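Quick notes on the structure that follows.
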Amino acid sequence: MPLDNLSSERKLTVDEVLSWLNRDQLISMAEEEAIRVYSGRWENRDKGIVDIVCDFQAEKDTRLNKNFSREKLSEWLASKVSLPLFHIDPLKIDVAAVTSICTQPYAERFNILPVKVADNVITVAVSEPFIREWEKDLKHLHNKEFKRVFADAKNIKRYITELYDFSKSVRSASKKSEKYNGQLNNLEQLVELGKKSDLEVNNQHIVNLVSWLFQYAFDQRASDIHLEPRRDQSNVRFRIDGVMHQVYQIPTAVMGAVISRIKILGRMDIAEKRRPQDGRLKTLNNEQEIELRLSSMPTAFGEKVVMRIFDPEVLLKDFKALGFNKWERQVWSDMSQQAHGIILVTGPTGSGKTTTLYSTLKHLATPEVNLCTVEDPIELIEPSFNQMQVDNKIGLNFATGIRTLMRQDPDIIMVGEIRDLETAEMAIQASLTGHLVLSTLHTNDAPSAITRLLELGVKPYLVKLTLLGVMAQRLIRTLCPHCKRQHDVTDDQWQGVVEPFSIKKPALIFQAKGCVECRNTGYLGRIGIYEVFKSTSLIQKQMTENCDARHIAKLAIKDGMKTLRMSGVEKVMEGITSIEEVLRVAPENLGQ
């Protein structure tokens, strides 16, 4: 059947696609007949042929050709109709621009979705390549060229609903705000600070925007949602696998109402916009409870809000799933099973310290143990812990929190962070009186934790008596299993990565490529890399007023510690991540 007869304005028929499938030997004659009968229930179908074949395969549990996946089938069909295959990524679509090309009913009528708007060309995703009636109408309306790309009918239908509904809510909320003359809660109009937003926060459009925002973030695997006010258009950004992505721009007046709505949900004071606030809320995603921690702060153009999304399954992960190798699991287990002493976890914000500590505490929190925490703020609420939150307004800081917990007959104490000498001394006092203390410290590597404690003013002999060990960590992106490809590295390049250590180059090394599953980044998910050591007698001898962190590092390496770089290299050798990602996260090797 000729493919260039595009003037017939018709849908693809099941018969012609099945004949192509059979001609390319992707299915047998028997399977072709079975699919034809099965597809009869969609004679007036809203479904595309890709859906029909894939649904048939799933429902009948047939053993079709191994290439018969939705992705492969779409790619094959796009080649048959001589159109490039397009994967719709909502993060890369300018929603306001594409929804202005045509109305939602018109897009639904032809199942088309504008996906890119350039100066002279508009790119439109289609699922029916032989229907081009819409093209004449839109060319006449916009006086631009149109480029057609092929996309899965199911995805087009889904994103027509999502994108147009979101755009409609933004426009409706914007119109409602216009009668207030675009008043801005920003530094340039300081008199407006502290007043309640004029746009009604319980307006249905605002409620819809907030619900869409949460659901969208969950679907995109975001770890953080950033709402950033600007003069006219405010930004919505997501952090996904540690990298920030621009999602949408919202009029600043609408953003103010969205933020107020979120503050209400998080039980924060919506009238107070001049000082930072913290809050938390819970919501459901596919019947799974999701917890979000909220933080607001005043900026030049209004309040900025960041919402951290906590994985509800984080406490169910074992240490192997977190990225610990066998030696690190053994050392960490030995330290955390001690009756008393201090264990420190170090690393920058967002390096996974909370996940490691909570997972450890979850294993330690047996019915025979009284486990208490003092945190700022409480990251995750866990019924098996006794959790207390710091509140500086009433004089409850980490030091006074530890002092209080000491009277609560604890066995294990977790201190959110050691920030000053008073907190450090209280933690040491707790460990000296028979308690196991876990805490965090902000240093770049594990050995520097010792020098950091000494810089705070802790006496060297107290560090020797109480410190059980230290672990530094980072989160590193893992290669997408769907598209990672083999990569050749010369011996000199490999040696440049592992120096000053001598490690044999593995037979296989992989690097990122990019596919629809990983949004063309080449990476999907993150895992930890660790640098952990126990406080041995040799290391304790180095704990003096003028101790050198590098000398401590050399002793720890001799005792079995892997540096962060080497922990990352281990993940490269296992095919988990790439050399480029290791160099990005751990640019320096501690052993050098």
| request: For each pair in Lys362/Lys459; Lys504/Lys571; Lys464/Lys562; Lys484/Lys562, compute the distance between the two Cα atoms and list the pairs where it is over 20 Å. | output: Lys362/Lys459; Lys464/Lys562; Lys484/Lys562
| message | For segment 345-383, which GluC sites (Glu not before Pro) pass both filters: DSSP loop (anything but H, G, I, E, B) and at most 13 other C-beta atoms within 10 Å? | response | Glu368
| query | How would you order 217-227, 331-341 from highest to lowest mean count of nearby Cβ atoms within 10 Å? | reply | 217-227, 331-341
| request: Determine ³J(HN,Hα), in whole Hz, for all residues of segment 277-282 in sequence, where each value follows from phi through the Karplus function 6.51 cos²θ - 1.76 cosθ + 1.60 and θ = phi - 60°; x replaces Gly and Pro. | output: 9, 10, x, 8, 8, 10
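Counting only other residues whose beta carbon sits under 11 Å from that of Ser296, what net charge do I get with K and R as +1, D and E as -1?
Here the count lands on +1.
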| task | Post the alpha-carbon centroid distance, segment 261-336 to segment 395-473, in whole angstrom. | result | 23
| note | If the label point sits 7 Å along Cα→Cβ of Leu465, residues of segment 412-454 with amide N under 16 Å come out as 424-437, 454
| query | What is the calculated FRET efficiency for Arg109 to Gln495, with r their C-beta to C-beta distance and R₀ = 51 Å, to the nearest 0.05? | reply | 0.25
| remark: By the rule of another cysteine's Cβ lying under 4.7 Å, the cysteines of the chain that fail to get a partner are Cys54, Cys102, Cys372, Cys547
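Where does each of Met29, Met406, Met543 land when they are ranked from fewest to most other beta-carbon atoms within 10 angstrom?
In increasing order of surrounding Cβ atoms, one gets Met29, Met406, Met543.
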| query | HN-Hα J couplings of segment 512-526 from phi, Karplus 6.51/-1.76/1.60, θ = phi - 60°, integer Hz, Gly and Pro as x? | reply | 6, 10, x, 8, 5, 5, 9, 6, 6, 8, x, 10, 9, x, 9
| query | Mind checking which aspartates and glutamates have their C-alpha under 17 Å from Lys175, skipping anything on the same chain fewer than 8 residues away? | reply | Asp165, Asp198, Glu200, Asp232
| task | Ratio to report: Rg/Rh of segment 390-475, with Cα atoms as the point set and Rh obtained by the Kirkwood method; give two decimals. | result | 0.96
| message | Give me, ordered by chain and number, the residues 5 or more places off Arg280 or on other chains with an amide H under 5 Å from its own placed amide H. | response | Leu294
| Which net charge results when you count Lys and Arg as +1 and Asp and Glu as -1 among the other residues whose beta-carbon is under 12 Å from that of Ile88? | +3
| note | The answer for the net charge of residues other than Lys504 whose Cβ lies under 13 angstrom from its Cβ, with Lys and Arg +1 and Asp and Glu -1, is -1
| Degrees between helix 353-364 axis and first principal axis of the chain (Cα, 0 to 90, nearest 10) | 70
| note | Given backbone amide H placed at 1.01 Å from N, residues whose amide H is under 5 Å from that of Ser234, ignoring those fewer than 5 places away on the same chain, are Ile250, Thr252
| query | For Glu580 and Asp318 in the same chain, what is the full-extension length gain: residue separation times 0.36 nm, less their Cα-Cα distance, in nm? | reply | 91.6 nm
| From the C-alpha gyration tensor of the chain, square roots of 5λ in Å | 51, 33, 21
| Hz values of 3J(HN,Hα) by residue in segment 292-299 - Karplus curve (6.51, -1.76, 1.60), Gly and Pro given as x | 10, 9, 9, 9, 10, 8, x, 10
| task | Determine the calculated [θ] at 222 nm for the chain from helices alone, applying -39500 (n - 2.57) to every DSSP H run no shorter than 4 residues and normalising by the residue count; nearest 500 deg cm²/dmol. | result | -11000 deg cm²/dmol
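No value in this document is a laboratory result; all are computed from the given coordinates. Keep in mind that what you see is a predicted model, and the values were worked out from it rather than measured. Glycine also receives a Cβ, built like all others from the backbone with ideal geometry; neighbour counts cover every protein chain displayed.
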